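Worksheet: the structure to be examined is printed underneath.
Just so it is clear, none of the values below were taken in a lab; they were calculated from the coordinates. Quick caveat, the model's predicted, so the values are computed rather than measured. So basically every Cβ, Gly included, is an ideal-geometry build from the backbone, and we count neighbours across all protein chains shown.
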Amino acid sequence: MNNLPADKTLPIHILSSCFKNTVATYKFYWFFSIIESIEKGNHIIDKQSLFARMVANAWYTVNYFNLSFGVQDQFQNAIKLIIEVEGLGIDEKKDKIVQKLVSSDVKETIKTLRHFDGEVPYRFLSPWFSSIKGNKQDIYKSSQLFANDCIYAVDEHSVIINPKWITYLTENSGILKAFCYWHLCLYVQKRNPNVPDIANKLFKPPHRNSLLKPRKEFWDIIIERTGPVKCIYTKNLLNINEYAIDHFVPFAFVSHDLIWNLIPADKSFNCSKSDKLPIFDKYFDDYFELQELAMKTVFSYSPRNKLLQNYLTILPDLSLLNTLSKEDLKDRFKDNILPLITIAANNGFEYLY
């Protein structure tokens, strides 16, 4: 994703350079929002709507996945402020967020969105005007003449796409968004080096995978063979059809449904647990007891069960399961779980008390 489609009449090399030496996420979300607006057929775009779309595009990454954009980046702080003052949920639909922010009369929201005006519209154009050093008004004036075949003109209220660029941006919108997301992913990964699955945390997934398979093909088998299991949180006994599937380390952090992170839990408690972290010293022992029971039961009765393969990152040779000591197996689970909980806590996930 380092190269964009060529065009003999346009300075594509300048567009390609826009994300070099980037120290904040503004440019990524600004450009992505412009392309989205062009896809809707808009070529004269109100800046307020672009700022609102920037926030909406980063909403899930900041509010749900708790990724860091770095110390210098104030964008995530702005989003945290907006979610508080506007009363929006972390899982709001993007169009609703945009509509809410565009029409908002909340002073804090208006002030926050206006702050973006001083950060990104003219800075994104700076590669086209390298001789104009950080002078916002001079860049505005030059852009209004479409000097140097710049990608858009900008004034106090609007962004006007350069007619020379409209066909290119429209026909290559998918590639351009992928290009933008690729560079955003590299940026965010650098600032969250220990967080898994960064690429899938840059947008809201269309849906969560069903947990029916781990329930029917794994935990139901265990309960059928060994009897009800105990919820590690409430200590209630759980029978078939009487439990929810819980992500021990929140899905919002691990972003997967691997069986070593899934346990039966009391239905009502699971709803209230939400995306909170379990306190390791309080819950790990009981979590491990459930997982050990699960591994050995399924391996004994159904050694070809495909879900057992989820444990290979913990125990690469499952044939050792019955010869490995309990303490050794427990240490392997501990080495897998404890770093995840620690890193998630450092990234802002709250603990369950």
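Of the listed peptides 183-195, 324-336, what is their order by residue-averaged count of other C-beta atoms within 10 Å, with the highest listed first?
183-195, 324-336
Beyond 33 Å, what share of the Cα-Cα pairs of the chain remains, rounded to the nearest whole percent? Intermediate values should be presented prior to the final figure.
On the way: 25879 of 62128 pairs.
In whole percent, the share of Cα-Cα pairs in the chain beyond 33 Å is 42.
222 nm [θ] for the chain, helices only, -39500 (n - 2.57) per DSSP H run of 4+, per residue, to 500?
The per-residue figure over the chain is -14500 deg cm²/dmol.
Relative to the longest principal Cα axis of the chain, at what angle does helix 107-117 sit, 0 to 90 degrees, rounded to 10?
60 degrees
For region 12-201, what is the convex hull volume of its Cα atoms per residue in Å³?
Details: hull volume 22.0 nm³, N = 190.
With only Cα atoms used, region 12-201 gives 116 Å³ per residue.
Cα-Cα over 28 Å: which of Lys80/Lys330; Lys80/Lys276; Lys201/Lys230; Lys190/Lys326; Lys80/Lys235; Lys27/Lys190?
Numbers: Lys80/Lys330 38 Å; Lys80/Lys276 18 Å; Lys201/Lys230 33 Å; Lys190/Lys326 37 Å; Lys80/Lys235 36 Å; Lys27/Lys190 17 Å.
Going by Cα-Cα distance, Lys80/Lys330; Lys201/Lys230; Lys190/Lys326; Lys80/Lys235 fall outside the 28 Å limit.
Would you mind working out the magnitude of the charge dipole of region 117-255 relative to its Cα centre, with +1 at each Lys and Arg C-beta and -1 at each Asp and Glu C-beta, to the nearest 20 Debye?
With Lys and Arg at +1 and Asp and Glu at -1, about 400 debye.
Based only on the alpha carbon positions, what is the Kirkwood hydrodynamic radius of region 94-167, in angstrom?
Values: mean 1/r = 0.0732 Å⁻¹.
The answer is 13.7 Å.
Evaluate the Kirkwood expression for the hydrodynamic radius of region 212-346, namely the inverse of the mean inverse distance over all pairs of different C-alpha atoms, and round to one decimal in Å.
By the Kirkwood definition, the hydrodynamic radius is 15.1 Å.
So how tilted is helix 47-63 from the main axis of the chain? Cα-based, degrees 0 to 90, rounded to 10.
With rounding to tens, the tilt is 20 degrees.
Using a simple spin-label model with points 7 Å from Cα along the Cα→Cβ vector, what separation in nm is obtained for Asp197 and Glu289?
2.9 nm
Quick one: angle between helix 280-301 and the longest Cα principal axis of the chain, in degrees between 0 and 90, rounded to 10, please.
Between helix and principal axis, roughly 70 degrees.
Cα centroids of region 196-254 and region 259-292: how far apart, whole angstrom?
First find each Cα centre; the distance between them is then 9 Å.
What span do the alpha-carbon atoms of region 38-134 cover on each of the three principal axes, reported in whole Å from largest to smallest?
Its Cα atoms span 44, 35, 26 Å along the three principal axes.
Putting +1 on Lys and Arg Cβ atoms and -1 on Asp and Glu Cβ atoms, find which of Val71, Ser143, Ile97 reaches farthest to the positive end of the dipole of the chain.
Ranked along the dipole, the leading option is Ser143.
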